[in-house]
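Participant: Okay, here's the structure, questions in a sec.
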2 protein chains.
Amino acid sequence: MSSNKKARTQPPYELLYWPEIPGRGEFIRLVFEATGTSYKDVSNESKDGMNAVLAIKAEDLTIDSDGNPPAFAPPALRVPGEGKEGKALVLYQTPSILLYLGEKLGLAGEDEADKHWILSHALTALDLNNETHDTHHPIAVSKYYEDQKGESLKKATDFRDNRLPKFFGFFERVLKGNEEHGQGKYLVGRKLSYADTTVWQVLDGLKFAFPKELEAREKEFPTLFGTFYPNVREQSGLKEYLSSDRRKPYGMGVFRHYPELDRQ
Amino acid sequence: MSSNKKARTQPPYELLYWPEIPGRGEFIRLVFEATGTSYKDVSNESKDGMNAVLAIKAEDLTIDSDGNPPAFAPPALRVPGEGKEGKALVLYQTPSILLYLGEKLGLAGEDEADKHWILSHALTALDLNNETHDTHHPIAVSKYYEDQKGESLKKATDFRDNRLPKFFGFFERVLKGNEEHGQGKYLVGRKLSYADTTVWQVLDGLKFAFPKELEAREKEFPTLFGTFYPNVREQSGLKEYLSSDRRKPYGMGVFRHYPELDRQ
């Protein structure tokens, strides 16, 4: 167990994701860590955990023994006792898992408007995450970067010149619009939500993947990079996690540092 | 008003989206039409509706006069009276709007597991929608197709050979896993949900964009194309809508028919 502060009051949450990389699993981990919630990171913690990840997306699975549908892709969340007839619940798709955990763990806002804005902002950050992935895989996810490098150079140029400022400018405006309540530290309301952790993770990954571009851009978006980013990093729970060995280094996942794709 | 069956009991829903194309607005329209819910399709119904669409994404907007954040992009949903302090609520991001309306209009399942599976399957269909868009814009959304045609030919080949069968196979398995309740007609439970309307719309768009590929593939996925697709099309509300002039033809939106990108 990664933390056991709430082990006695929470169901035994199990994260099913690829081992050794942050990837899309990291958005889920941050929610657990920010709330001090116990969870099992199955493929990182157990020898045969990888088989459990593969099982939920097996190409002959129509329904599991607990009545759950297959997952299109990891991450998935398994929650024993919370499914149909008291069996295990299995959810897939990052935003759906974030909504579920956000509501259980108090990171989904205080009313219906907050709940939907938090989901919307998280979805927008996950769109940026996907576009980041496509900078090194613009043609085919099944092929190597080296086999689509020419196209990647074009895609990354457009991404840096047009897409990054559009997304950063949007989040900067959301933070400013909520400044009265969130003081530039929170996107929605007066406290941390899973929109904050999700936007933060994408910014952090972009700093790794495009260090020159990000350094050049940061001063254009002072609330986002000067207030929001450091504040989320220092949140109780997240601060300890980010310096622990549970936080996996970036590598060959969504966020990759290819110097030729960065600002020259 | 597009329909007024529930006009007296529902708030006056307003869809804010580009005029004249189905696009991502269509996922929202199908939810209204399938439930016989009155809504205003702002840019298609009023002369200055386009200004309302542009206003929610204006690049200097931080918060509107009702306390709503800006929208990253259309579609957005405006609901007078349902926001903070009884003001208008504005939501953006297709999945967030679908969840909101699904819960209000009875298309979001019967329990928490259903609710999250429906959201997850809809998100997966919307991922396929995005990948479809990228077949004709693999490098830059801001450039013309003609300026990225070489890359589009490569992207579309991978999309047809690898991605379509992966998505179709997944939805086929979900339908089979739920056959006891849904009889191949519904992805989750015993009745129509916004997962069904969303998956259906993507299949319908793909039939327009890649007619040869789809014709060749249909027999591989008999539940999806033989049972599910025609059943959703015949649902009360949807059937009438699809033959009305409110249903806009496909054109130069997400789903485009470029014969050179289809199976040869």
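The numbers here are math on the coordinates, done by the rules we state, and not lab data. As the structure is a prediction and not an experimental result, all values here were calculated from the model. Backbone-built Cβ (ideal geometry, glycine too); neighbour counts: all protein chains shown.
Participant: Counting only residues 5 or more places away or on other chains, whose amide H sits under 5 Å from the amide H of A:K40 once H atoms are built in the peptide plane?
Facilitator: A:Y13, A:E14, A:L15
Participant: State, to one decimal in nm and shortest first, how far the label point of A:H257 sits from each corresponding label point in the other identical copies (label point: 7 angstrom along Cα-to-Cβ).
Facilitator: In nanometres, ordered from closest: 5.0.
Participant: Rg (Å, one decimal) plus Dmax (Å, integer) for the alpha carbons of the range B:90-157?
Facilitator: Cα-based Rg and Dmax for the range B:90-157 come out at 16.5, 48 Å.
Participant: Report the net charge of residues surrounding A:D161, where surrounding means a beta-carbon distance below 14 angstrom and charges are Lys +1, Arg +1, Asp -1, Glu -1.
Facilitator: Working: positive: A:K154, A:K155, A:R160, A:R163, A:K166, A:K212, A:R217, A:R263, B:K143; negative: A:E131, A:D158, A:E213, A:E220, A:D262.
Its environment carries a net charge of +4.
Participant: Same structure, new question: Using the Cα centre of chain A as origin and beta-carbon charges of +1 (Lys, Arg) and -1 (Asp, Glu), tell me which of A:T227, A:F168, A:G83 is placed farthest towards the positive end of the dipole.
Facilitator: Checked the options; the winner is A:T227.
Participant: How far, in nm to one decimal, is A:D114 from itself in the other copies if the label point is set 7 angstrom along Cα toward Cβ? Shortest first, please.
Facilitator: 2.8
Participant: To one decimal place, what orientation-averaged projected area in nm² is obtained for the convex hull of the Cα set of the protein assembly as shown?
Facilitator: Reported value for the Cα convex hull: 23.3 nm².
Participant: Find the relative contact order for chain B and round it to a whole percent, using C-alpha pairs within less than 8 Å whose residues are 6+ positions apart.
Facilitator: Here the relative contact order equals 19 percent.
Participant: Quick one: which residues, 5 or more positions from A:L89 or on another chain, have an amide H under 5 Å from its amide H? H modelled 1.01 Å from N in the peptide plane, none for Pro or chain starts.
Facilitator: Long-range HN contacts for A:L89: A:V79, A:G81, A:E82, A:G83.
Participant: Using the Cα atoms of the range B:144-264, I'd like the radius of gyration and the largest Cα-Cα distance, Dmax, both in angstrom.
Facilitator: Cα only, the range B:144-264: 15.5, 49 Å (Rg, Dmax).
Participant: Given N residues in chain B, what is its alpha carbon radius of gyration divided by 2.2 N^0.38 Å?
Facilitator: It is 1.02.
Participant: Now for a different question. Could you run the Karplus curve 6.51 cos²θ - 1.76 cosθ + 1.60 with θ = phi - 60° over the range B:60-72 and give me ³J(HN,Hα) per residue in whole Hz, x for Gly and Pro?
Facilitator: After applying 6.51 cos²θ - 1.76 cosθ + 1.60, I find 10, 7, 10, 7, 8, 5, 9, x, 8, x, x, 9, 5 Hz.
Participant: Sticking with this structure for a sec: In Å³ and rounded to a whole number, note down the convex hull volume per residue for the Cα atoms of the range B:90-221.
Facilitator: Here the figure is 114 Å³ per residue.
Participant: Residue by residue, what Karplus-based ³J(HN,Hα) values in Hz, rounded to whole numbers, does the range B:213-230 have, using 6.51, -1.76 and 1.60 with θ = phi - 60° and x for Gly and Pro?
Facilitator: 4, 5, 4, 5, 8, 3, 5, 6, 10, x, 6, 5, 9, x, 10, 4, 4, x
Participant: Go through the range B:74-85 residue by residue and turn each phi into a ³J(HN,Hα) via Karplus (6.51, -1.76, 1.60, θ = phi - 60°); whole Hz please, and just put x for glycine and proline.
Facilitator: Listing the rounded values in order: x, x, 10, 10, 10, 10, x, x, 9, x, 4, 6 Hz.
Participant: Moving on. In the neighborhood of A:R263, defined by Cβ-to-Cβ distances under 10 Å, what is the net charge if each Lys or Arg adds +1 and each Asp or Glu adds -1?
Facilitator: -1
Participant: Using the crude model of +1 on Lys and Arg Cβ and -1 on Asp and Glu Cβ, and no other charge, please compute the dipole size for the protein assembly as shown relative to its Cα centre, in debye to 20.
Facilitator: Values: 72 positive and 80 negative charges, 40 e Å.
Once rounded to the nearest 20, the dipole reads 200 debye.
Participant: With 10 Å bins from zero, work out the P(r) of the range B:21-101 over every alpha carbon pair and list the percent per bin.
Facilitator: 17, 52, 29, 1
Participant: Taking K and R as +1 and D and E as -1, what net charge do the other residues with C-beta under 11 Å from the C-beta of A:E215 add up to?
Facilitator: With Lys, Arg at +1 and Asp, Glu at -1, the neighbours total +2.
Participant: Give, in whole angstrom and from largest to smallest, the semi-axes √(5λ) of the equivalent ellipsoid of the range A:45-144, with λ running over the eigenvalues of the Cα gyration tensor.
Facilitator: In descending order, the three semi-axes are 25, 24, 11 Å.
Participant: Mind listing the label-point distances from A:I63 to the same position on all other copies, shortest first, one decimal in nm, points 7 Å along Cα→Cβ?
Facilitator: Computed spacing set for this position: 4.8 nm.
Participant: I would also like to ask the following. Please list the helices of chain B that count as membrane-span-like by this rule: a mean Kyte-Doolittle hydropathy of at least 1.0 together with Cα atoms stretching 18 Å or more along the helix axis, each helix being a complete DSSP H run.
Facilitator: none
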